[in-house]
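Have a look at the structure below, then the notes.
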Amino acid sequence: MEELYTCTGAWRTVLQAADGADRRWTDGYCLFVALGGQGRLEIDGEQWIMHPGAVFFCNPDRLAELRAADRRHLEVACVRFRIVRRSEAESEEGVYRERTSRWLPDGELESGASYRAAELIRDILAASAEADDMKLMRRDMLLYELLLQLRGNVQAAEGQAEAADHRTSIRTVIAYLQQHYSEEITRDAMAALAGFHPRVFSGLFKQETGIGFADYLAGIRIRKAKEQLLLTRGNLDEIARNVGYSNGLYLSRKFKQETGLSPKAYLREPKRVVIYDLIGSLLALGVKPVGASYFYGLANHHLLKEELRGIADVGRTTVQPVIDLEPELIVVPLWLGSELIGKLQAIAPTMIVPYGDPVDRMRRLADALGKRAEAEACVSGYMERAKQVREEIGEVIALGETVGLYELSADSVWVFSEFHGRGGYNLYRAMGLEPPENVRRHVMGKGMITEVRIERLPEYAADHMFVCYPFASDSEPWVTRMMRHPVWSSLEAYRRNRIYFINRKLFHSADMLSMIKQLELQRELLLKHGRASEGPCVFVHKKDDFNA
């Protein structure tokens, strides 16, 4: 047997037209069958009409959307499954690996398979209702029969010309609209593409999609205009041309027809935002996201613990929690990775924030949300407070003395710039403290960080050294080992007790609200050291310096 199939879930839902869309991310292979009513299924932008008995297949990593037709209901069953197949490598004889690539084409399956497939799916639903081992075994047997039948039908149809029915023609037009919405498009041209008289085409298009051709095209263009309003700084005329309208005035008129708001009013309206990592920049603008994700988990974002109450943690392992929150804007840092970002872009307009200046990042976010005035007020207050703190610590860090920012790892030291968290922006940009020459030449302004062997630390050493590491019991052995290295005693900062130990979890973030709070922690730490007597640095691994 080359492939093995395992059912990982089965469910049934009934949608009313007033319910809107049921949106799901397909983490595995899925089969959808319409059990009753009428509606439509959309998979990554392509649509199909759902009628009783119709069966549809969907590959993994797709955004599937179910919607009932106007004044109708839609009853749908779904079966989710995984496939493992025998490895073809000679060195892995007898080894099975999970398949995640495309298996069958997305969309409606051959009609000859539909009746028996619908019966089998009903039986799978019944077997899934109880967590009984025999029932679950029967469920996998039913799934196996179903998938062999479906795949056989698809393979039998391969190489044959597809029937030129109206559904195929309308799907061709829909695919064309999705790709060419920015061009001049007329109903007559699309009717010719579909091979129908314009009046016949209009009726068939509405029958298949549930809305008229002009409204469907306008919906695509206005969705794209919303994305560009949120994600670019283009003017209205540029955005209009980008989405297929002649000028900004006409776009504004169509935008208001579709949404009830002008483009400017739309930007000012509160948005449902999901944000990854940069939560404090959004909160600093007075906007509370509906969902958020943080590198260590929201519960471990100690600096923003109070502000994060009531915000859903969407995690990083699946995008379904994001889909369930129905966001209008998703904000992600570039370092989140292309795979996850690609999934999020299929859900809602997604702002990708690059490495670099955290204040510029907040301003860009403010522009997307119509909050530029709030951003400037926040930045002004932050910079003024940083100036005050710099004056307060003047007796600790004198003019002309240098400051360095470092993070320990198990076998090296990372030298940080102003753009990579750990309080660096506060030190170098807001308070204007000076880095050592090698840090200035090789690290600053790069947006990245530099790894050096601990033996080379003196080359990057400063008069005052902030050393970051995880204040946790499992890190204590290697942190203690690193701090016992003889290189430290050769540093002037060590001999003068000018090394300041900071908790990585408290100083990890480089968003605006976190930086504001980190500034106060840095002030406290420096003033406390300023009152301490001079002498060699004493390293003590503490669980938490700031009782977070």
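Laboratory data are not the source of any read-out in this text; all were calculated from the coordinates shown. Computed from a prediction, not measured in an experiment: that's the story for all the values here. As a convention, Cβ positions derive from the backbone with ideal geometry for all residues, glycine included, and neighbour counts pool all protein chains shown.
Computed quantities for the displayed model
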| read-out | value |
| --- | --- |
| Anchor Lys264: aspartates and glutamates whose Cα lies under 20 Å away (excluding residues fewer than 8 positions away in-chain) | Glu227, Asp237, Glu238, Glu328, Asp367, Glu374, Glu376 |
| Derived scalar couplings ³J(HN,Hα) [the stretch 329-338; Karplus, 6.51 cos²θ - 1.76 cosθ + 1.60; whole Hz; x for Gly, Pro] | 8, 10, 10, 9, x, 4, 6, 5, x, 5 |
| For the stretch 1-64 and the stretch 493-520, distance of Cα centres in Å | 49 Å |
| Nearest-ten-degree value, helix 166-180 long axis tilted from longest Cα axis of the chain | 30 degrees |
| Cut-off under 5 Å, modelled amide H: who pairs with Met50 long-range | Gly39, Arg40, Leu41 |
| Inter-label distance, nm, simple model (7 Å from Cα along the C-beta direction), Arg272/Leu340 | 2.2 nm |
| Nearest 10 degrees, 0 to 90: helix 248-259 Cα axis against the chain principal axis | 70 degrees |
| Relative contact order, percent, the stretch 235-344 [alpha-carbon distance under 8 Å, six or more residues apart] | 22 percent |
| Two-decimal Rg/Rh across the chain, once Rg and the Kirkwood Rh are taken from alpha-carbon atoms | 1.07 |
| Cα-based radius of gyration of the stretch 347-405 once divided by 2.2 N^0.38 Å, which approximates compact folds | 1.58 |
| Three principal axis lengths of the stretch 166-268 [C-alpha, angstrom, descending] | 42, 22, 20 |
| Assigned charges on the beta-carbon of Lys, Arg, Asp, Glu; the stretch 2-91 dipole about Cα centre (debye) | 360 debye |
| Dipole of the chain, positive end: most advanced residue of Ser489, Gly9, Tyr500 [Cβ charges, Cα centre] | Tyr500 |
| Residue among Pro327, Pro349, Leu267 farthest towards the positive dipole end of the stretch 246-359, charges placed on Cβ | Leu267 |
| Extreme residue, positive dipole direction of the chain, given options Ala21, Ser246, Leu63 (C-beta unit charges) | Ser246 |
| ³J(HN,Hα) computed for each position of the stretch 302-311 - Karplus, 6.51 cos²θ - 1.76 cosθ + 1.60, integer Hz, glycine/proline x | 4, 5, 10, 3, 5, 5, 8, 4, x, 9 |
| Long-range HN-HN contacts of Leu278 with modeled amide H, under 5 Å | none |
| The stretch 391-531 - charge dipole about Cα centre, Lys and Arg +1 at Cβ, Asp and Glu -1, debye rounded to 20 | 180 debye |
| Shape category assigned to the stretch 361-468 from the gyration tensor of Cα positions, a/c cut at 1.5 | oblate |
| Helix 358-368 axis, angle to the chain major axis (alpha carbon atoms, nearest 10°) | 30 degrees |
| Whole-number percent relative contact order across the stretch 391-531, with pairs defined as alpha carbons under 8 Å at least 6 apart | 30 percent |
| For Tyr500, residues with placed amide H under 5 Å, excluding near neighbours | Met465, Phe466, Val467 |
| Largest-first ellipsoid semi-axes for the stretch 1-79, taking √(5λ) over the Cα gyration tensor eigenvalues, angstrom | 23, 13, 11 |
| The chain, relative contact order in percent, only Cα pairs under 8 angstrom and at least six apart counted | 10 percent |
| Estimated dipole of the chain in Debye, rounded to 20 [Cβ of Lys and Arg +1, of Asp and Glu -1, Cα centre] | 1300 debye |
| Alpha-carbon Rg/Rh ratio, for the stretch 273-354, with Rh computed the Kirkwood way | 0.92 |
| Per-peptide average of other Cβ atoms within 10 Å, ordering 237-246, 176-185 highest first | 237-246, 176-185 |
| Ellipsoid equivalent to the stretch 391-531 - semi-axes via the Cα gyration tensor, in Å | 21, 17, 16 |
